[in-house]
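What follows is a set of notes on a single structure, which appears directly below.
Please treat every number below as a calculation from the coordinates, not as lab data. Quick caveat: nothing in here was measured; it's all calculated off a predicted structure. When we count neighbours, we look across all protein chains shown, and the Cβ atoms used for this are built from the backbone with ideal geometry, even at glycine.
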Amino acid sequence: MKLGYVKLSERGATDLFLAGLAARLRDQGVRLAGTVQVNSGGDCAAHCDMDLHVLPGGPVLRISQTLGAASSGCRLDAGALEQAVAVSRARLQGADLLIVNKFGKHEAEGRGFRELIAEALAQGLPVVIGVNSQNAEAFHRFTGAMAEPLAPDLDGIARWVGLNNNP
């Protein structure tokens, strides 16, 4: 089983990296399942819009809710996240790789993409996941010693997954 994770410290960097990885692998003919996240709508240090692009070609689902400038609660639209999981599950059969934009709070609590990650691994499908500092401990409890840290190197990850014949 191949389970790798990318963890970049700069806000939004993991999202951008995984989106670039997905685009590159898709261009090389790799059959993808899962999601990448694109943030938009201004100052992402505060309250940007979060959209999940379901691989390989959509739909794009807004997973953030607008709660107002003074809000401090979770802005995640759990229903939209679960819709992304359902669409990704339907595309898992025949995929070469599952990419999950983030092992987030929902996954840490046993929901979200957690079951789909386990299904993909049980089928022998490699999985690449974005992990942030906030949920890293829960991610490592979920994966045990199975997860490998991956350097943010597109060619290196393609070789690690075994989907790229380039040296």
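Taking only Cα atoms of the chain, what ratio of Rg to Rh do you get with Rh as the Kirkwood inverse-distance radius?
0.95
So for 153, 77, fewest C-beta neighbours within 10 Å to most, what's the order?
The fewest-first ordering by Cβ neighbours comes to 153, 77.
Counting helices only, and only those DSSP H runs with n ≥ 4, report the 222 nm mean residue ellipticity of the chain as the sum of -39,500 (n - 2.57) divided by its residues, in deg cm²/dmol to the nearest 500.
Details: 6 runs with 59 residues, N = 167.
Result for the chain: -10500 deg cm²/dmol, rounded to the nearest 500.
Assuming R0 = 41 Å, what is the FRET efficiency of residue 140 and residue 27, from their Cβ-Cβ distance, to the nearest 0.05?
Rounded to the nearest 0.05, the efficiency is 0.80.
What does the charge count near residue 135 come to, summing +1 for each Lys or Arg and -1 for each Asp or Glu among other residues with Cβ under 13 Å from its Cβ?
Here the charged neighbours net out to +3.
For the chain, set up a Gaussian network in which alpha carbons nearer than 10 Å are linked by springs, and say which option among 34, 12, 112 fluctuates the most.
Largest GNM mean-square fluctuation: 12.
From the residues 145, 39, 132, which one has its Cα farthest along the dipole of the chain in the positive direction, the dipole being from +1 and -1 charges on Cβ of Lys/Arg and Asp/Glu about the Cα centre?
145
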